[in-house]
Amino acid sequence: MMTKTKSEVGFLDLRETYLEIKEELDRAARRVMDSGWYILGREVQAFEEVFAAFCGVRHCVGVGNGLEALQLILRAYGVGASDEVIVPANTYIATWLAVSGAGATVVPVEPVERTFNLDPARIQAAITKKTKAILPVHLYGQTADMQAICEIAHERGLKVVEDASQAHGARYEGQRRGAIGDAAG
Ligand SMILES: Cc1ncc(COP(=O)(O)O)c(C=O)c1O
């Protein structure tokens, strides 16, 4: 028989987060259901405008999920077969799937041990003629070293696509996560 010990760490209780803003969420859900318009439309447009303003960026495009967002950005930049994209070796699987889903090759680079995020000092050695983009992830809400990563990318003519899926609202030197690279999901 399994017994629970006091040292176990429980899963994040999403219901508690919901309860904090229950009234607002319930009202919004009811408004959308009553409208009869469930795909795109005014609600998505309103979200795009508000979220772009929140992030301090000019444009936001609402898509189905984080994986889709990253993959669509790579495709929009023309990244595909025979291209390489540098990603953290340590991340959620969707970061890698976005690259392979776009038809490109994943080139993993080890993280900084303290932050678990992409180590800029290891990026240069991973760049080849096929490299088209660097895809840093702000894991667990902690910021990747964007200044160093962007400097390398600019020197080498590479796009920087931020995976901010775990960092909504986080700031890096005054700027929101996702507002520093060329684009972000
Ligand atoms: C770092 C990271 N990237 C991408 C994703 C993908 O987001 P989604 O589950 O919305 O496709 C996640 C989801 O947890 C994530 O944590």
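The values are calculated or read from the model by the stated rules, or taken from the named source; none is laboratory data. Every value quoted in this text rests on a predicted model; they were computed, and no experiment measured them. All Cβ positions, glycine included, derive from the backbone under ideal geometry; neighbour counts span all protein chains shown. Ligands, DNA and RNA are stripped out before the accessible areas are found, and what is left, the full protein with its side chains, is counted by its heavy atoms. Shrake-Rupley method; radii C 1.70, N 1.55, O 1.52, S 1.80 Å.
General remarks:
- Projecting the Cα positions of Ile93, Leu72, Tyr172 onto the charge dipole of the range 55-185 (unit charges on Cβ atoms of Lys, Arg, Asp and Glu, taken about the Cα centre) puts Leu72 furthest along the positive direction.
- As a length-normalised measure over Cα pairs under 8 Å and 6 or more apart, the relative contact order of the range 1-146 settles at 17 percent.
- Potential lengthening between Val106 and Glu68 on full extension [0.36 nm per residue; Cα-Cα distance subtracted]: 12.0 nm
- Cβ-defined net charge surrounding Arg42, 14 Å radius [Lys, Arg +1; Asp, Glu -1]: -3
- His154 sits with roughly 140 Å² accessible to a 1.4 Å probe, with DNA, RNA and ligands left out of the calculation.
- Just checking the listed ones, Val161, Val61, Val85: in the Gaussian network model of the chain with Cα springs under 10 Å, the one fluctuating most is Val61.
- Taking the range 66-184 and dividing mean pair separation by its residue count, relative contact order in percent (alpha carbons under 8 Å, at least six apart): 24
- Across the range 110-116, coupling constants 3J(HN,Hα) worked out from phi with the 6.51/-1.76/1.60 Karplus curve, θ = phi - 60°, read 5, x, 6, 5, 6, 9, 6 Hz, and Gly and Pro carry x.
- Modelled label positions at Glu16 and Glu48, each set 7 Å beyond Cα in the direction of Cβ, lie 3.6 nm from each other.
- Listed by chain and number, the aspartates and glutamates whose C-alpha is less than 17 Å from the C-alpha of Lys132, apart from same-chain residues fewer than 8 away, are Asp83, Glu84, Glu151, Glu155, Glu162, Asp163, Asp182.
- Glu23/Lys130 FRET efficiency (R0 41 Å; Cβ-Cβ; nearest 0.05): 0.20
- The chain: most fluctuating residue of Gly141, Gly64, Gly101 per GNM, C-alpha cutoff 10 Å: Gly64
- DSSP beta bridges in the chain [antiparallel fraction, %, rounded to 5]: 20
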